[in-house]
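Reviewing the structure listed below.
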Amino acid sequence: QVRLQESGPGLVKPSQTLSLSCTVSTDSITIKYDTWGWIRQPPGEGLEWMGAIANDGSAHYSPSLKSRTVISRDTSKNVISLQLNSVTPEDTAVYYCVRGSNAIDSWGQGTQVTVSS
């Protein structure tokens with residue numbers, strides 16, 4: 001059983017960096033045995049896979065976001081982090097932390113992020 005809780009600012013200004021954290025509560029001794037990722041949903045649009053970090057610590061990203069996205073993990077604190085650089089209003093979305101990559105089996109509740117000046 002796993003619980004994921006996103007946290008971070010709800011409002012970010014254009015050109016700044018969005019930083020989100022996902023705290024994982026799991027029966028496993030550590031998060032390093034699983035794959036963890038981030039998915040977002042802009043208003044009125046579908047889900048967009050952003051990237052994930054695998055159990056070997058390697059991160060993989062959507063080609064459209066790779067140049068400005070960093071996903072990392074702290075296995076001692078059970079935290080998955082997302083950094084999205086140079087944000088624009090089109091980055092406004094609900095951001096979800098998930099477990100899995102091609103198969104998602106757990107979702108956080110999501111956190112609304114608005115990019116506006």
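The values are calculated or read from the model by the stated rules, or taken from the named source; none is laboratory data. Everything numeric in this text was worked out from a predicted model, so none of it was measured. As a convention, Cβ positions derive from the backbone with ideal geometry for all residues, glycine included, and neighbour counts pool all protein chains shown. Side chains included, ligands, DNA and RNA excluded: accessible areas come from the protein's heavy atoms. Shrake-Rupley method; radii C 1.70, N 1.55, O 1.52, S 1.80 Å.
In whole Hz, what ³J(HN,Hα) sequence does the range 93-98 give by Karplus (6.51, -1.76, 1.60; θ = phi - 60°), x for Gly and Pro?
Calculated HN-Hα couplings, in order: 5, 8, 9, 10, 8, 9 Hz.
Give me the accessible area per residue for the chain, probe 1.4 Å, as a whole number in Å².
Accessible surface, normalised per residue, equals 53 Å².
Give me, ordered by chain and number, the residues 5 or more places off residue 2 or on other chains with an amide H under 5 Å from its own placed amide H.
Amide H neighbours of residue 2: none.
What FRET efficiency would be calculated for the residue pair residue 56, residue 3, taking the C-beta separation as r and a Förster radius of 22 Å, to the nearest 0.05?
E(calc), rounded to 0.05, equals 0.40.
Would you please name the trypsin sites (Lys or Arg not before Pro) within the range 1-82 that are DSSP coil residues with at most 15 other C-beta atoms within 10 Å of their C-beta?
Sparse-neighbourhood loop trypsin sites (Lys or Arg not before Pro): 77.
Can you sort 17, 26 by solvent-accessible area, 1.4 Å probe, largest first?
Ranked list, largest accessible area first: 17, 26.
Probe radius 1.4 Å, ligands and nucleic acids ignored: give me the carbon and sulfur share of the accessible area of the range 18-117 as a rounded percent.
Using a 1.4 Å probe with all protein chains present, the range 18-117 comes out at 46 percent carbon and sulfur.
Just subtract the alpha-carbon distance of residue 106 and residue 64 from 0.36 nm times their residue separation and send over the number in nm, one decimal.
Full-extension gain reported as 12.7 nm.
Say each of residue 114 and residue 90 gets a label point 7 Å from the Cα, pointing the same way as Cα to Cβ; how far apart are those two points in nm?
Those two pseudo-labels are separated by 2.1 nm.
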